[in-house]
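Heads up: the structure comes next, in structure tokens.
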Amino acid sequence: MKTILATVDNKQPEQKWIKQAADILKNGGLVAFPTETVYGLGANGLDACACKKIYEAKGRPSDNPLILHIAEKKDLYTIVKEVPQKAEKLMNAFWPGPLTMIFQKEDCVPYEITGGFSTVAVRFPSHTVAQAIIKASGLPIAAPSANSSGKPSPTKASHVIFDLNGKIDMIIDGGNAEFGLESTIIDVSEEIPTLLRPGAITKEMIENVIGQIEIDPTILTKPSQNLVPKAPGMKYTHYSPKADVILVQGNDLSIVQQNINHFVERELQLSKKVGILATDQTKQYYDCGIVLSLGNRENLEEIGSNLFKHLRKFDFLGVDIVYSETVPEKGEGLAIMNRLQKAAGYKIINV
């Protein structure tokens, strides 16, 4: 398959490319496009055969649900049976934006995209290009991250091209994603909402709107292989570069740095190529290895936006093993640690 590559202005995208993308989607094809979180791989969300192509192109397990993307709030009511009051409050506070909610699905939504559940995940993205494509198609668009399954999510078109060129119909380049982490997912289908995946819309932000919520235990612990995932990212190892990733965690950052330096020296003696994920405040304390800074340690949004980009850069640099600092599990730090733990396959050294 020859993949069409198109570059658009992310504020005023050229209509010829938007129309072509929408036509491909209406005809059962696949289009990768930018959102404010990461790049998504879109298909007609009401067409089970089209969505099957997403799983095939990504190599994605069939029980891993997809998220439906809409371009107007009113479109929600055609694909879900009920919108609880708490969901209405969250929609008013955070839509359009990086928040996905899980509802009881209408019959028009195929079970093939929900992992067999009677619920469906829905998001209203804020990105101009994403909105334009969804509106032009007139469809709810199923769109997981546009990467090979298990690899770091794509935050720029070049990442999508590397993973999926020749496997999908079209890639729309609309520049870098703003947030760099996938959307927050909250299940509002039951009386007490449950956070299933943390993101830029934090637990604290949600609770300020609707009060206390539950947190799924798989967010920061290794899930059972018997888990049937209700939302993307719950079960499988995700976000992993080719290199092994190991997290080094401790209350004293200087001791963390000392231990990372020790581990790196040991790996270099074994002729390994070693990477270190650090921050602006700590990068100068590492003596050896390839050091990449995620940004200002006090700015978790910056760290989140750089995480996947740097994990992919280590692949480009041919690194064998990566040692990473950690961040506090508060605010967006919960989302960062969720992604880092999955990238590391839950390999953590406490020092």
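Within region 162-177, is there a residue that is touching a residue at least 12 places away in the same chain (Cβ under 8 Å), part of a loop (DSSP other than H, G, I, E, B) and closer than 25 Å to Asn92 by Cβ?
Yes, region 162-177 contains at least one residue that is touching a residue at least 12 places away in the same chain (Cβ under 8 Å), part of a loop (DSSP other than H, G, I, E, B) and closer than 25 Å to Asn92 by Cβ.
Table: residues versus (1) of a type in the set (Asp, Glu); (2) within 23 Å of Lys151 (Cα to Cα); (3) modelled with pLDDT of 95 or more.
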position	(1), (2), (3)
Gln284	no, no, yes
Asn296	no, no, yes
Leu300	no, yes, yes
Gly345	no, yes, no
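Looking at (1) open to solvent by less than 10 Å² (accessible area, probe 1.4 Å); (2) over 17 Å from the mean Cα position of the chain (by Cα); (3) within 25 Å of Gly333 (Cα to Cα); (4) not small (Gly, Ala, Ser), which is the only condition Met205 fails?
(1)
Looking only at residues that are within 18 Å of the chain's Cα centre (by Cα), touching a residue at least 60 places away in the same chain (Cβ under 8 Å) and part of a loop (DSSP other than H, G, I, E, B) in region 293-344, which one is nearest to Lys272 (Cα to Cα)?
The extreme case among them is Ala344.
State all residues of region 38-65 that are hydroxyl-bearing (Ser, Thr, Tyr) and assigned to a loop (DSSP other than H, G, I, E, B); if no residue qualifies, say none.
Residues satisfying the conditions are Tyr39, Ser62.
Could you grab the pairs with beta carbons closer than 9 Å, sequence gap of 6+ or different chains, first residue in region 1-29 and among the aliphatic types (A, V, I, L, M), second one modelled with pLDDT under 95 and not in a helix (DSSP H, G or I)?
none
Mind checking whether some residue in region 216-224 is closer than 24 Å to Glu302 by Cα, in contact with a Leu (Cβ under 8 Å, 6 or more places away or on another chain) and open to solvent by 30 Å² or more (accessible area, probe 1.4 Å)?
Looking for residues that are closer than 24 Å to Glu302 by Cα, in contact with a Leu (Cβ under 8 Å, 6 or more places away or on another chain) and open to solvent by 30 Å² or more (accessible area, probe 1.4 Å), one finds at least one in region 216-224, hence yes.
For the subset of region 74-133 comprising residues that are of a type in the set (Lys, Arg) and open to solvent by 50 Å² or more (accessible area, probe 1.4 Å), which member is farthest from Ile186 (Cα to Cα)?
Residue satisfying both the conditions and the ranking: Lys74.
Of all residues in region 55-72, which are of a type in the set (Asp, Glu) and over 24 Å from Ser126 (Cβ atoms)? Talk me through it step by step, then tell me what you get.
Here is the first cut: in region 55-72, the residues of a type in the set (Asp, Glu) are 56, 63, 72.
If the condition is that a residue be of a type in the set (Asp, Glu) and over 24 Å from Ser126 (Cβ atoms), then Glu56, Asp63 are the ones that fit.
Among the residues of region 192-216, which ones are assigned to a helix (DSSP H, G or I), in contact (Cβ under 8 Å) with a residue 60 or more places away in the chain and not basic (Lys, Arg)?
Hits for region 192-216 are Glu204, Met205, Ile206, Val209, Ile210.
Working only within region 135-154, note down all residues that are crowded, with 24+ Cβ neighbours inside 10 Å, part of a loop (DSSP other than H, G, I, E, B) and touching a helix residue (DSSP H, G or I) at 6+ places or on another chain (Cβ under 7 Å).
Result: Leu139, Pro140, Pro144, Ala146, Asn147, Pro152, Ser153, Pro154.
Determine the pairs where a residue that is touching a residue at least 24 places away in the same chain (Cβ under 8 Å), located within region 95-106, has a partner that is hydroxyl-bearing (Ser, Thr, Tyr) and in a strand (DSSP E or B) with Cβ atoms under 7 Å apart, the partner being 6 or more residues away or on another chain.
Listed by first residue and then by second, the contacts come to Pro98/Thr184; Leu99/Thr184; Thr100/Thr184; Ile102/Thr119; Phe103/Thr119; Gln104/Thr119; Lys105/Thr119.
The values are calculated or read from the model by the stated rules, or taken from the named source; none is laboratory data. The model shown is predicted, which means the values in this text are computed figures rather than measured ones. Neighbour counts are summed over all protein chains in view; Cβ atoms, including those assigned to glycine, are modelled from backbone coordinates with ideal geometry. We work out accessible area using only protein heavy atoms, side chains counted, and drop any ligands, DNA or RNA first. Shrake-Rupley method; radii C 1.70, N 1.55, O 1.52, S 1.80 Å.
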